[in-house]
Amino acid sequence: MMTFLTIVAVFLVLFVIGQVLGVFELSAKLRGRNVYDVTEKESKVQSVMMLVFLAAYFTFILWQVNKWGGSTLPVPASLHGVTTDTLLSITWWIIIPMFVLTHILLFYFAFKYVYNKNRRAEYFAHSNKLELIWTAVPTIVLTILILYGLNTWNSITTPLTDDVDHIKMELYAKQFDWTARYSGADNKLGSADVHLIDATNPVGLDVRDENGNDDIIVKGEFHLPVNVPVQFNFRSQDVIHSAYMPHFRAQMNCVPGMTTKFKFTPTITTAEMKQITKNPDFNYVLLCNKICGAAHYNMQMAIIVESQEDFDKWLAGQKPFKAEEAPAMEVEKTVVEDTAVEAVEQVEADKAEI
Ligand SMILES: [Cu+2]
């Protein structure tokens, strides 16, 4: 209701301004003056307004930097994050001086070269030298930036190969939560299919694939050892989500029907980051960065970065997927597995029909 009233109020104010301007035009006409003629005095007022706007504009920008500048992300907590932050800083250092300079010139020139009936504009049609300078300089600067950016992007997104010691894991997205899956001792993720998802199989693991036997599925939070590269696979069950881990400068879309990849090496533990940010409640977080539905805002998972020792301890306390239907529930386990195998067969049959 408040929003509606605000919109109505804004429209009314605009309407009143329009009417007042109409009155001015009418009174000018009555005095026999052409309303489209701009007097020298009016031009002068406008030129001074340009300077006032310039000052107000930069004051507003500085106020924003002062107010929100402290809300930016802390130091990058991943190896590649340092490079992407450097790339961003270089871009800022080029853009900000250009932005300030061009805006000062834009508004100052409007003030300085205000209409003056005694001044004649100089006729200046073309200069090859100037054309060359303002084409070549931006071209060289942008080419360097783009090449540096592409090179950085390629080195970040190239998947890790098996000759590098790393952890392989999956982040599975669905409306509206995340599930993490570790590849277990064999460091191989078992294959999975969305058609196999049921109450006991949240990511649709194919029980016939032995690589999946030791896969560990966790919810709520997932842990990573510090200074160990992690290769993430991303999948989505329903719509496009985006796995966003801002403190690690990592983001990748999760697209239904395909597996996307991203890798990074965490370099700062959660405990260290609590000290760096002077925030005892600090926690790394995985967020969804695509507006994917009503509860999108709440689609998050905590990430704990710790020493290899603590990580191993934590992982040892998690049960592999197949062991979740523990021996004590032998009968139920058989039923669950039979159902799962039937589901796999059904999916295969469906595929064959298609
Ligand atoms: Cu989402």
Inset, instruction - Return a yes/no flag: does the range 257-278 have any residue that is within 16 Å of the ligand (Cβ to nearest atom) and more than 24 Å from residue 188 (Cα to Cα). - result: no
Inset, instruction - Only one of these is out of contact with any helix residue (DSSP H, G or I) (no Cβ under 7 Å at 6 or more places or on another chain) and either modelled with pLDDT under 90 or buried (at least 18 other Cβ atoms within 10 Å of the Cβ) (or both): 246, 256, 327. Name it. - result: 327
Inset, instruction - Starting from the range 28-43, take each residue that is touching a residue at least 40 places away in the same chain (Cβ under 8 Å) and list its partners that are surrounded by 11 or more Cβ atoms within 10 Å (Cβ to Cβ) and part of a loop (DSSP other than H, G, I, E, B), counting only C-beta distances under 7 angstrom and pairs at least six apart or across chains. - result: 40/115; 43/114; 43/115
Inset, instruction - Identify, by number, the condition in (1) under 21 Å from residue 84 (Cβ atoms); (2) within 16 Å of the ligand (Cβ to nearest atom); (3) in a loop (DSSP other than H, G, I, E, B) that residue 234 doesn't meet. - result: (3)
Inset, instruction - State all residues of the range 58-82 that are loosely packed, with under 11 Cβ neighbours inside 10 Å, outside any loop (DSSP other than H, G, I, E, B) and of a type outside the set (A, V, I, L, M, F, W, C); if no residue qualifies, say none. - result: 59, 64, 66, 67, 69, 70, 71
Inset, instruction - Can you give me the number of residues within the range 279-299 that are crowded, with 16+ Cβ neighbours inside 10 Å and either in a loop (DSSP other than H, G, I, E, B) or within 16 Å of the ligand (Cβ to nearest atom) (or both)? - result: 9
Inset, instruction - Check off (1) part of a helix (DSSP H, G or I); (2) in contact (Cβ under 8 Å) with a residue 24 or more places away in the chain for residue 251 and give me the number that stays unchecked. - result: (1)
Inset, instruction - Only residues in the range 172-198 that are away from the ligand (no atom under 16 Å from the Cβ) count as the first member; pair them with residues that are hydroxyl-bearing (Ser, Thr, Tyr) and outside any strand (DSSP E or B), Cβ under 7 angstrom, at least 6 apart or cross-chain, and list the lot. - result: 189/183
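The values are calculated or read from the model by the stated rules, or taken from the named source; none is laboratory data. Because the structure is a prediction, the values reported are computed rather than measured. Ideal geometry is used to build each Cβ from the backbone, glycine not excepted, and the neighbour counts take in all protein chains shown.
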